[in-house]
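Peer 1: This is the structure, below, for whatever I ask next.
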Ligand SMILES: O=C(CO)[C@@H](O)[C@H](O)COP(=O)(O)O
């Protein structure tokens, strides 16, 4: 059911909402300007989608772009690896300037070892659940996880429609995180807009990735405010 943008949201966590625009939706001919624009528009993190044309049916960019952008902004770099295997590239993304590196259990071969490697590189860790991936796949690695990312589209492309079927998964994960007592963020990615963001926040999310809804907006500051839960879009 469509929701008005200024609807009051009942959140199940009091942590501040962070907005992480996905660079995939930026104008690639003007990356430096695009990053500066969203930072001054109020973005909290920069979300960088790394695709290999094998794990997902699209190819984006690699550590060289991450490294080139690193000196241009103070925003933390939230790197989402959609590559398999991921292990051979973890050090390269850490050295390029990633602050947090997320990967999929399906990237294999050993999720627990990959998370240990990321922590060993001094970076925060994330695990990503595709729409068809059950929460149980990460139940035994929570001690190594700083962020859980729930995909609300099948990964590979921006501009897809939000899958409401993933809302119960978010609520389950929110309970799992709270019961664990651990400091784990719950991030949502795919089709996040001012309309779908309140659904995510009510289900317990505290980090929202948005590509098209931020980079495609004429007023990016208003778009970020609207997604975060304020007025203005
Ligand atoms: O990881 C992905 C897609 O694989 C996402 O980060 C998208 O890039 C988000 O784009 P929008 O759905 O917000 O346009």
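Peer 1: So how far, in whole Å, is the C-alpha centre of segment 115-138 from the one of segment 5-53?
Peer 2: Their Cα centres are 20 Å away from one another.
Peer 1: Oh, and also: As an exercise, use a Förster radius of 30 Å and the Cβ-Cβ distance of residue 33 and residue 84 to find the FRET efficiency, rounded to the nearest 0.05.
Peer 2: Numbers: r = 33 Å, r/R0 = 1.08.
Plugging the Cβ-Cβ distance into 1/(1 + (r/R0)^6) gives 0.40.
Peer 1: So if each residue of separation counts as 0.36 nm, and I subtract the Cα-Cα distance between residue 154 and residue 99, what length gain in nm does that give? Present the calculation step by step, with values, prior to reporting the outcome.
Peer 2: Values: separation 55, 0.36 × 55 = 19.80 nm, distance 2.42 nm.
Result: 17.4 nm gained on full extension.
Peer 1: Under the rule a/c < 1.5 gives rounded, and otherwise a/b versus b/c splits prolate from oblate, where does segment 12-62 land using the Cα gyration tensor?
Peer 2: On the way: a/c = 3.95, a/b = 1.33, b/c = 2.97.
Judged from the Cα gyration tensor, segment 12-62 comes out oblate (a/c at least 1.5, b/c at or above a/b).
Peer 1: Continuing with the same structure: With the cut-off at 12 Å, report for segment 182-233 the share of all Cα pairs above it, as a whole percent. Show your work: numbers first, answer last.
Peer 2: Values: 787 of 1326 pairs.
Tail of the P(r) past 12 Å holds 59 percent of the pairs.
Peer 1: Related question: Among DSSP beta bridges whose residues both lie in segment 18-228, state the antiparallel percentage, nearest 5. Don't jump to the answer; show the numbers that get you there.
Peer 2: Numbers: 1 of 31 bridges.
About 5 percent, rounded to the nearest 5.
Peer 1: Counting just the Cα atoms, what span does the chain cover along each of its three principal axes? Round to the nearest Å and put the largest first.
Peer 2: Taking the Cα atoms of the chain, the three principal extents are 44, 43, 29 Å.
Peer 1: What 222 nm value per residue comes from the helices of the chain, counting each DSSP H run with n ≥ 4 as -39,500 (n - 2.57) and dividing by all residues, nearest 500 deg cm²/dmol? The partial results should precede the final answer.
Peer 2: Details: 8 runs with 67 residues, N = 233.
Theoretical 222 nm ellipticity from helices: -8000 deg cm²/dmol.
Peer 1: Now a separate question. Using the basic label-point model (7 angstrom from Cα toward the beta carbon), what is the residue 74 to residue 142 distance in nanometres?
Peer 2: Computed distance between label sites residue 74 and residue 142 equals 3.4 nm.
Peer 1: Quote the relative contact order of segment 39-157 in percent (integer), defining contacts as alpha-carbon pairs under 8 Å separated by 6+ residues. Working shown, then result.
Peer 2: Working: 210 pairs, mean separation 26.1, N = 119.
The value is 22 percent.
Peer 1: Relative contact order of the chain: what whole-number percent is it, with Cα pairs under 8 angstrom and at least 6 residues apart? Mind dumping the intermediate values first?
Peer 2: On the way: 477 pairs, mean separation 55.6, N = 233.
Normalised by residue count, the contact order of the chain is 24 percent.
Peer 1: If you don't mind, another one. Where a ≥ b ≥ c are the square roots of the eigenvalues of the C-alpha gyration tensor, would you call segment 15-151 rounded, which needs a/c under 1.5, or, failing that, prolate if a/b is larger than b/c, or oblate?
Peer 2: On the way: a/c = 1.64, a/b = 1.50, b/c = 1.09.
In terms of gyration-tensor shape, prolate.
Values in this text are rule-based calculations from the coordinates and carry no lab data. Just so it is clear, the model here is predicted, and its values are computed rather than measured. Heads up, the Cβs are rebuilt from the backbone with ideal geometry, glycines too, and the neighbour counts pull from every protein chain shown.
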